[in-house]
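The values are calculated or read from the model by the stated rules, or taken from the named source; none is laboratory data. All values derive from a computational prediction rather than experimental measurement. For neighbour counting, all protein chains shown are included, and Cβ atoms are generated from backbone atoms with ideal geometry for every residue, glycine included. Remember, those area values only see protein heavy atoms, side chains included, never the ligands or the DNA or RNA. Shrake-Rupley method; radii C 1.70, N 1.55, O 1.52, S 1.80 Å.
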Amino acid sequence: QVQLVESGGGLVQAGGSLRLSCLVSGGIFSNLAMGWFRQTPGKEREFVAAIGWSSSGPLYADSVKGRFEIFRDNIKNMVYLQMDSLKPEETAVYYCAARWFRPAMTTDAYDNWGQGTQVTVSS
């Protein structure tokens with residue numbers, strides 16, 4: 001079981017940027033596909049972005065395409081989510097997730113989850 005620890009959340013004004021980080025331990029990071037999801041109260045956890053074990057085939061939700069970028073550093077065992085032009089409706093707890101090799105867009109596909117980091121976008 002791998003361990004995931006998110007960081008980088010905080011308060012930002014609409015239109016601003018944040019970079020989220022996820023530190024991975026307890027596994028062979030380069031063989032893991034990584035994903036970012038977010039969840040607001042009363043709603044289901046939704047897919048944001050994912051990246052393959054070799055940085056292949058980045059996937060993005062349509063709502064964030066062109067504004068968010070997922071990337072990874074397999075030496076540092078880190079995955080990042082760069083978020084630009086943030087919108088108030090994107091206020092949520094953001095979660096890092098891991099699965100083997102191939103990225104996916106559904107929560108059920110992921111085996112390991114971090115504790116989440118709060119992102120608040122003020123209007």
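Placing +1 on each Lys and Arg Cβ and -1 on each Asp and Glu Cβ, with no other charges, gives the chain a dipole about its Cα centre of roughly 140 debye.
Taking a straight Cα-Cα cut-off under 15 Å and skipping sequence neighbours fewer than 8 places away in the same chain, the aspartates and glutamates within cross-link reach of LYS43 are GLU89, GLU90. The coefficient of translational diffusion for the range 40-92, derived via Stokes-Einstein from the alpha carbon Kirkwood radius under 10 °C and 1.306 mPa s, stands at 129 µm²/s. The alpha-carbon of LYS65 sits under 18 angstrom from the alpha-carbons of these lysines, leaving out residues fewer than 8 places away in its chain: LYS87. For the range 1-60, what does the alpha-carbon gyration tensor say about shape, rounded, prolate or oblate, given a ≥ b ≥ c as the root eigenvalues, a/c under 1.5 as rounded, and a/b over b/c as prolate? Verdict is prolate for the range 1-60. Accessible surface calculations at 1.4 Å, restricted to protein heavy atoms, place the chain at 51 Å² per residue.
On full extension, the segment bounded by ALA104 and LYS87 gains 3.7 nm, given 0.36 nm per residue less the C-alpha separation. Annotation: amide H-H contacts under 5 Å for GLY116 (H modelled 1.01 Å from N, sequence separation of 5 or more, or interchain): GLU6, CYS96.
In whole Hz and in residue order, list the ³J(HN,Hα) couplings for the range 84-89 that follow from phi through the Karplus curve 6.51 cos²θ - 1.76 cosθ + 1.60, θ = phi - 60°; x for Gly and Pro. So the Karplus estimates, Gly and Pro as x, are 10, 6, 5, 10, x, 5 Hz.
Here is the list for the range 57-123: trypsin sites (Lys or Arg not before Pro) lying in DSSP coil, each with at most 15 other C-beta atoms within 10 angstrom of its C-beta, are LYS65, ARG67, LYS76. Near PHE68, the amide H atoms lying under 5 Å from its own belong to ASP84; only residues 5 or more places off or on other chains count, and H is placed 1.01 Å from N. Each residue of the range 71-79 was assigned a 3J(HN,Hα) from its phi angle through the Karplus curve 6.51 cos²θ - 1.76 cosθ + 1.60 (θ = phi - 60°); the sequence is 8, 9, 10, 6, 7, 8, 6, 10, 10 Hz, with glycine and proline shown as x.
Within the range 38-123, the GluC sites (Glu not before Pro) that combine a DSSP coil assignment with at most 10 other C-beta atoms in a 10 angstrom radius are GLU44. Under 5 Å from the amide H of ALA49 lie the amide H atoms of TRP36, ALA61, each residue being 5 or more positions distant or on a separate chain, with H modelled from the backbone and absent for Pro and chain starts.
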